[in-house]
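The values are calculated or read from the model by the stated rules, or taken from the named source; none is laboratory data. What you see is a predicted model, and the numbers here were worked out from it, not measured in a lab. Please note: Cβ atoms are built from the backbone with ideal geometry, for glycine as well, and neighbour counts cover all protein chains shown.
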Amino acid sequence: MDALTEEKRYTIEDIYALPEGERAELIDGKIYYMAPPGWGHQRISRKLHQAIANYIDSNGGKCEALAAPFAVFLNEDDLNYVEPDISVICDLTKLDEKGCHGAPDWIIEIVSQSSKPRDYMTKLLKYRTAGVREYWIVDPGKQMTTVYSFERDWVEHYGFETNIPVGIFKDFFIRIQ
């Protein structure tokens, strides 16, 4: 690759140098800018976060459910920084004031038109290789949730009206609507 075709590799330092209010993620040194979420996205995010946090609290769980914006440093490098819509972390030693250092146990992404390719392909591969145990892609346009259980090596699709089993917790189901 010559100098004319070589793509610039960004680092976490570049993410922190973004202008105030501008949000982006960094995957393998490539910056992905994020549009502000809409009302429908935020409504789904709030309902999911609330259901997960309530389940953890009512069962004396030791996990933390954290909603975006929340920094996740997937690898021990300066080339990967994501802000999943919801992150569930059960190893609390991964948490500090900057965010989560290492893979969360469960990640939920709520897709928008602009984030679909990134959520369905780029992040799917990145989350799997980083050690995320379970990954949900919630697609409001399709009224469908795709659940990847990386521990069990399976994928399932659920309509929003279905009770979706949470693989990392016993006897916990979530209905999106």
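Descriptive notes on the structure:
- Among the residues here, V155 qualifies as of a type outside the set (S, T, N, Q), farther than 27 Å from P36 by Cα and surrounded by fewer than 21 Cβ atoms within 10 Å (Cβ to Cβ).
- Some residue of segment 60-73 being surrounded by fewer than 16 Cβ atoms within 10 Å (Cβ to Cβ) and within 22 Å of L125 (Cα to Cα): yes
- Residue count for segment 96-118 under the criterion of being within 25 Å of P36 (Cα to Cα), modelled with pLDDT of 95 or more and not in a loop (DSSP other than H, G, I, E, B): the result is 8.
- Of S149, S114, all but one fail to be within 20 Å of A68 (Cβ to Cβ) and hydroxyl-bearing (S, T, Y); the exception is S114.
- Apart from one condition, S87 fits all of (1) touching a Cys at 6+ places or on another chain (Cβ under 9 Å); (2) within 21 Å of V147 (Cα to Cα); (3) in contact (Cβ under 8 Å) with a residue 40 or more places away in the chain; the exception is (3).
- Test: residue in segment 135-147 that is more than 19 Å from H41 (Cβ to Cβ), touching a strand residue (DSSP E or B) at 6+ places or on another chain (Cβ under 6 Å) and either among the charged types (D, E, K, R) or in contact (Cβ under 8 Å) with a residue 24 or more places away in the chain (or both): no
- From V138, V132, residue being at negative phi, assigned to a strand (DSSP E or B), within 13 Å of the chain's Cα centre (by Cα) and of a type outside the set (D, E): V138
- Among residues of segment 100-127, those that are surrounded by 16 or more Cβ atoms within 10 Å (Cβ to Cβ) and among the aromatic types (F, W, Y), counted: 2
- Candidate set from segment 141-176 (those that are among the charged types (D, E, K, R) and assigned to a loop (DSSP other than H, G, I, E, B)); member that is farthest from D77 (Cα to Cα): E161
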